Amino acid sequence: MAVPLVAAAALLLAVFVLLLLLAVNKPASPQRHGGSVHGRRQRLPPSPPGLPLLGHLHLLGSLPHRALRSLARAHGPVMLLRLGRVPAVVVSSVAGAEEVMRARDLDFASRPRSAMAERLMYGRDVAFAPYGEYWRQARRVCVVHLLSARRTRSFRRVREQEAAALVQRVRAKAGAGAAAVGLSELLAEYANNVVCRAAFGDESASGLFDGGDRGRERIRKVLTDFQKLMGTEPVGDLVPWLGWVDAGRGLEGKITRTFQALDGLLEKVIDDRRRRPPNRDDGDDHRDFVDVLLDVYKHDKEYGIQLETNEIKAIILDMFRHGHHQHGDGMGHGGARHPPARHAQSPGRDPRGSRLHRRRRGPCRPDALPQGRGQGDAPAARAYPATGAP
């Protein structure tokens, strides 16, 4: 009696799974893709064969850019991919890119919704905000007041001091007898220090680093985790029924811990700055990002935007994310890819364009690095970014 019941249950389960797969893989109705034109279904771009539930995720592999190039060669410059439950149109031609970015730029101006950005950046940042009034005004504050040429020049002292400290750390490692000095961690530390001092000011940044190397390591770990998480796509966003995988691999806990650490750090700095009496002797050139954003908060009618505490935190995290990428990653990849000067220059041409300078310049030698005060000569060392690049 038990055997027929088990067989019947297995048959019902198989039928249910089959119906589920047919429902998931059912072609999308015209209404879901913009409706119909004159009563006819819209034509969708060509699409490669996919798997049930997963769609085309398995086709991307470990090198998605190369996989997309191969798929574009097989299916054309405009194709439709299903990344789990997320439909994506991939454009791989110059004409298609011009159509998307120039002719129809307003239709494609907003980024897709990012659950990770909403959880880590309060859902009020600039980079992932939908195109609209808030995005326009917040972007104007960033461009005009935070990233203007005048503000950038005001942080020159910070960059010079941190660059000198970076050189000293390289020389110290070389002096310790290292045959090769890995630059990746040193450049990441340089980027974190520059962005922290630009965002919070010297006094607040030094307070965050209380505890010496231990405090710096704690801040570096939090910012590194933040960068990695912002580049991570939770499995549950693509395939909802596999959302348990994120919890199983510890992603949910890491998101919560990182957000709490970042929120506590930002809350401490903003509260301290609000309690501190304004320094009338400090001109506009000496204000950091928190000063500027709190000024926008106090004079919202003058600036045309109302910034609350969460908006201030989100914009600062935007500065951290992109500042770290521009400083650390840019210099790391630049050091990995930039050829020596003797190979990059044409014979007999000066790097500045003058033909009067006839001798070639070789690559920079470690003994040509700037000497710090009280610092002796260090043995020669090779410096390389640990990025795996040749």
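The values are calculated or read from the model by the stated rules, or taken from the named source; none is laboratory data. Keep in mind that this is a model prediction, so the values were computed, not measured. Neighbour counts run over all protein chains shown; Cβ positions are idealised from the backbone, glycine included.
For the reader, a short list of remarks on this structure follows.
- Failed criterion for residue 39 (all others in (1) modelled with pLDDT under 85; (2) farther than 23 Å from residue 235 by Cβ; (3) in contact with a Lys or Arg (Cβ under 9 Å, 6 or more places away or on another chain) hold): (3)
- Scan segment 292-329 for residues that are within 24 Å of the chain's Cα centre (by Cα) and at pLDDT 75 or above and the total you get is 18.
- Taking each residue of segment 192-219 that is among the basic types (Lys, Arg) and looking for partners that are modelled with pLDDT of 85 or more and part of a helix (DSSP H, G or I) with beta-carbon atoms closer than 7 Å, six or more apart or interchain, yields 197/158.
- Among the residues of segment 145-185, those identified as of a type in the set (D, E, K, R) and more than 28 Å from the chain's Cα centre (by Cα) are 171, 173.
The rows are residues; the columns are (1) surrounded by 12 or more Cβ atoms within 10 Å (Cβ to Cβ); (2) in contact (Cβ under 8 Å) with a residue 12 or more places away in the chain.
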position	(1), (2)
77	yes, yes
108	yes, no
149	no, no
162	yes, yes
168	yes, yes
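- Test: residue 115 is surrounded by fewer than 17 Cβ atoms within 10 Å (Cβ to Cβ) and either without any contact (Cβ under 8 Å) to a residue 40 or more places away in the chain or assigned by TED's automatic domain parsing to the domain that holds residue 319 (or both): no
- Counted residues, segment 291-317 - those being among the β-branched types (Val, Ile, Thr) and outside any helix (DSSP H, G or I): 1
- Considering segment 81-106, and only residues there that are of a type in the set (Lys, Arg) and closer than 17 Å to residue 54 by Cα, the residue that is surrounded by the most Cβ atoms within 10 Å (Cβ to Cβ) turns out to be 82.
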